[in-house]
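The values are calculated or read from the model by the stated rules, or taken from the named source; none is laboratory data. Here the structure is a predicted model, which is why all the values come from computation and not from measurement. Please note that ligands, DNA and RNA were not included when accessible areas were found on the heavy atoms of the full protein model with its side chains. Shrake-Rupley method; radii C 1.70, N 1.55, O 1.52, S 1.80 Å.
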Amino acid sequence: MESPRVEESYDKMSELKAFDDTKAGVKGLVDSGITKVPQIFVLPPKDRAKKCETHFVFPVIDLQGIDEDPIKHKEIVDKVRDASEKWGFFQVVNHGIPTSVLDRTLQGTRQFFEQDNEVKKQYYTRDTAKKVVYTSNLDLYKSSVPAASWRDTIFCYMAPNPPSLQEFPTPCGSATAQLIDYLKTAKIPRSVAAQLIEESLIDFSKDVKKLGFTLLELLSEGLGLDRSYLKDYMDCFHLFCSCNYYPPCPQPELTMGTIQHTDIGFVTILLQDDMGGLQVLHQNHWVDVPPTPGSLVVNIGDFLQLLSNDKYLSVEHRAISNNVGSRMSITCFFGESPYQSSKLYGPITELLSEDNPPKYRATTVKDHTSYLHNRGLDGTSALSRYKI
């Protein structure tokens, strides 16, 4: 039997810094041939993944014909409302984004993460002032976080002001927009940078923005409001993408790709590969979100739960680790800009009544985002701090 770890000899901060200083992320650990999960990634037993329930049927909504048939449109609104009230999550198919765009997006981002570590490490940073950030565990040093997550990430601020070509990481430190233009003109095979920039995130984010506004319209109607209500309610639209790479883990039962949490904004749109691993907390049970080819996963964010006065639910979810292969997901957070908006958000007045008084005090997106960034992912929802 393996001897228990000697906690007295474990200096967590030193180990966190040693990991961070490699600038190789979790992928670098796996490439080094480790056979055990380092202590900084080991979760307390209470936070580890338990058995999933399989008798629930995760909601899938077909958006085909949404603007062509009024009867079909109403059916879709009803399904979106029902899923948002009961699950806080659903998948959409026939959403208008071509499968080729989805595949290129996953392929382009995967190619970045699977480059040689010596190439990638020059872009590794914790400078969140940049529009594009490649790092591992943005909340690595937060004391409230029970353990580091088994993943590496590229964060991109895609709207309203997307990054310039020069701000994207490339395999060549001297790459510029002119070089990329030359590669296109000369019909030279694309580098990882060209594919990442030209074929994946920028194209995908444009399509996601359009889909996001469509979802806001459906969600507005589901609340009995005018179709454009939620879209018009936003002060400064913001689209933030998180490209997550989850390497295979030698001891997946000890750690998590992402510990349980809720999302900040209005709506989140997720593209995942066929590996699986996303789980949703439903009726006190963890439920797998099955990978469905061509689909996107949608979930309600904290601010939409607050605005709807708990009509829609922002539900806890997580990404489990596995020892079979790597997993890729791209998460797009759709909502209000925490950097440009000072608007106070509280429960929507039109939804309130004597029987349905406000359940939350008003707050700003900036305050909520700042609180979460300072706290990190600690496995709990932040909405309770606004409860009346």
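Counting only the heavy atoms of the protein chains, how much of residue 53 is accessible to a 1.4 Å probe, in Å² to the nearest 10?
60
Post the alpha-carbon centroid distance, the stretch 270-304 to the stretch 317-388, in whole angstrom.
Rounded to whole Å, the Cα centres lie 17 Å apart.
For a quick check of understanding: with a 1.4 angstrom probe and all protein chains in place, what accessible area in square angstrom does residue 104 have, to the nearest ten?
Near enough 70 Å² of accessible area.
Protein chains only, probe 1.4 Å: how do 51, 120, 12, 17 rank by accessible area, largest first?
So, going from the largest accessible area down, we get 51, 17, 12, 120.
Let me check against my output: what whole-number percent is the relative contact order of the stretch 41-386, with C-alpha pairs under 8 Å and at least 6 apart?
Answer for the stretch 41-386 is 23 percent.
Which percent of the accessible heavy-atom area of the stretch 41-386 goes to carbon and sulfur, probe 1.4 angstrom?
Ligands and nucleic acids excluded, carbon and sulfur reach 51 percent.
Tell me which DSSP H helices of the chain clear both cut-offs, 18 Å or more of axial length from alpha-carbon atoms and a mean Kyte-Doolittle hydropathy of at least -0.5.
Span-like helices here: 99-113, 202-222.
How many Å² of accessible area per residue for the chain, probe 1.4 Å?
Here the per-residue accessible area is 45 Å².
I need two numbers for the stretch 289-388: Rg to one decimal and Dmax as a whole number, Cα atoms only, in Å.
16.2, 54
Rounded to the nearest 5, what is the percent of antiparallel bridges among the DSSP beta bridges in the chain?
Taking every DSSP beta bridge with both residues in the chain, the antiparallel ones total about 90 percent.
Can you give me the solvent accessible area of residue 112 with a 1.4 Å probe, rounded to the nearest 10 Å²?
Its accessible surface works out to 0 Å², give or take rounding.
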